[in-house]
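Here is the structure we will look at, set down as structure tokens.
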Amino acid sequence: MFLFGVVNASPDSLAADSIATTPEAATKRAHQLLADGADAIDLGGQGSTDIAEVVDWRVEWARVEHLVPALATLGVEISIDSWRPEVVRRALQAGATIINAADGMQTDEMWRVAADFEVPIVVPFLSGPDPRRMSRVSTDPVSVMIDFFDARLAEADRYGLRSSCIVDPGTGFAPPDWPWEERFVYQKHVYSNLDELRRYGLPIYIALPWKETAQHDELLDIVIQQRPDYGRCHYPTKIRSFERRHVIAGRG
């Protein structure tokens, strides 16, 4: 699995040790992520959880403006995680190489940016237009995702960008106040049925479970067994360890 290690320039990230707000801190964290097994870096300047303060796009850009060119010197792929086309455009101009579209590519503005730069696009499923205010899916989530991706990829076709898309079931996002036990059941079902998303013939990307609980480890086991093409992670060492364990067990 090709791994993106996370560098967060937003101060309210839930994973506090991923936060880096200066070029020096960002490159230091990136070096460690790469040494631990990451292949690339995912950078974001605006939190997408319901507790994150939403700032103006100019503030978001100011958070990552000097980090993007610093990280670009590392010679690896850099994805910009944002739902704002103004930020994405500037990040790509500054050296980012992949769009991690936190809006699910639900606006023409984001498609126009993607068309201008012709870079890979991570397209996550969202049950609504705002990643911070998603609604709960009450029916089969995989079926709902297929409808969503059918629509998004139809838009991609309008811009000639279907082959640039990477499908993400969006499990890194969650509706506000969703009890973990319900979210766990939801994610377990989605991860156990990732093959349904392979119908598009496009790579699959997962925001990998990172918390240290037995249930998160169970989800990680399921994901790795499904062999997605890309993963976004906070702790690459752990992911590589789980991968090796699957290979040894003959499941990889």
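The numbers here are math on the coordinates, done by the rules we state, and not lab data. Note that the coordinates shown come from a computational prediction; the quantities given were computed from them, not determined experimentally. Neighbour counts are summed over all protein chains in view; Cβ atoms, including those assigned to glycine, are modelled from backbone coordinates with ideal geometry.
Separation between the Glu109 and Asp195 pseudo-spin-labels, each 7 Å from Cα along Cα→Cβ, expressed in nm?
So the label points at Glu109 and Asp195 sit 4.1 nm apart.
When the Kirkwood hydrodynamic radius is evaluated over all pairs of different C-alpha atoms of region 1-142, what value in angstrom, to one decimal, is obtained?
Numbers: mean 1/r = 0.0652 Å⁻¹.
After inverting the mean inverse Cα-Cα distance, the result is 15.3 Å.
Using 0.36 nm per residue, how much length does the chain from Ala62 to Asp116 gain when fully extended, once their Cα-Cα distance is taken away? Please list the in-between numbers first.
Working: separation 54, 0.36 × 54 = 19.44 nm, distance 2.23 nm.
The Ala62-Asp116 span can extend by a further 17.2 nm.
Can you list the residues, at least 5 places off or on another chain, whose amide H is less than 5 Å from the amide H of Arg232, using H built in the peptide plane?
Placed amide hydrogens put Phe4, Ile206, Ala207, Leu208 under 5 Å from Arg232.
Let's test this: bin the Cα-Cα distances of region 116-252 at 10 Å from zero up to the farthest pair and state each bin's percent.
Over region 116-252, the share of Cα pairs per 10 Å bin runs 11, 41, 35, 13, 1 percent.
Cα to Cα, under 30 Å, and not fewer than 8 places away if on the same chain: which lysines meet these conditions relative to Lys28?
Lys211, Lys238
Which of the three applies to the chain, rounded, prolate or oblate, going by the alpha-carbon gyration tensor with a ≥ b ≥ c and a/c under 1.5 meaning rounded? It would help to have the intermediate numbers written out before the result.
Values: a/c = 1.37, a/b = 1.11, b/c = 1.23.
Here the chain falls in the rounded category.
For all pairs of alpha-carbon atoms in region 18-79, what percent lies in each bin of width 5 Å, listed from the first bin to the last filled one?
Bin by bin from 0 Å, the calculated values are 4, 18, 28, 23, 15, 10, 2.
Quote the charge dipole size of the chain about the Cα centre in Debye, to the nearest 20; the model charges only the Cβ of Lys and Arg (+1) and of Asp and Glu (-1).
On the way: 26 positive and 37 negative charges, 103 e Å.
With only Lys, Arg, Asp and Glu charged at Cβ, the dipole is about 500 debye.
Under the 0.36 nm per residue contour assumption, what length would be gained going from the current alpha-carbon distance of Gln226 and Ala16 to full extension? Before the final figure, lay out the partial values.
On the way: separation 210, 0.36 × 210 = 75.60 nm, distance 2.87 nm.
That works out to 72.7 nm of additional length.
Contour minus end-to-end for Glu24 and Arg133, with contour as 0.36 nm per residue of separation and end-to-end as the Cα-Cα distance?
On the way: separation 109, 0.36 × 109 = 39.24 nm, distance 3.34 nm.
Computed gain between Glu24 and Arg133 is 35.9 nm.
Please order Thr139, Thr73 by the number of other Cβ within 10 Å, starting at the fewest. Before the final figure, lay out each step's value.
On the way: Thr139 7, Thr73 11.
Ordered from fewest to most neighbouring Cβ atoms within 10 Å, Thr139, Thr73 come out as Thr139, Thr73.
Please report, in whole Å, how far the alpha carbons of region 212-252 spread along each principal axis, starting with the longest.
Projected onto its principal axes, the Cα set of region 212-252 covers 24, 21, 17 Å.
So how many Å³ per residue does the convex hull of the Cα atoms of region 124-196 work out to?
Enclosed volume per residue, from the Cα hull, is 89 Å³.
Between Glu212 and Arg244, take the C-beta separation as r, use R0 = 22 Å, and let me know the FRET efficiency to the nearest 0.05.
Rounded to the nearest 0.05, the efficiency is 0.75.
Just how far, in whole angstrom, is region 21-69 from region 123-183 if you go by their alpha carbon centroids?
Between the Cα centre of region 123-183 and that of region 21-69, the gap is 23 Å.
Using the count of nearby Cβ atoms within 10 Å as a rough guide to exposure, how do Phe184, Phe4, Phe173 rank from fewest to most? Please report the intermediate quantities before stating the final value.
On the way: Phe184 16, Phe4 28, Phe173 23.
By the 10 Å Cβ count, ascending: Phe184, Phe173, Phe4.
Taking neighbour Cβ counts within 10 Å as the exposure measure, how do Asp217, Asp168 sort from fewest upward? If you can, show how the numbers build up before the last one.
Details: Asp217 14, Asp168 28.
With the fewest neighbours first, Asp217, Asp168 line up as Asp217, Asp168.
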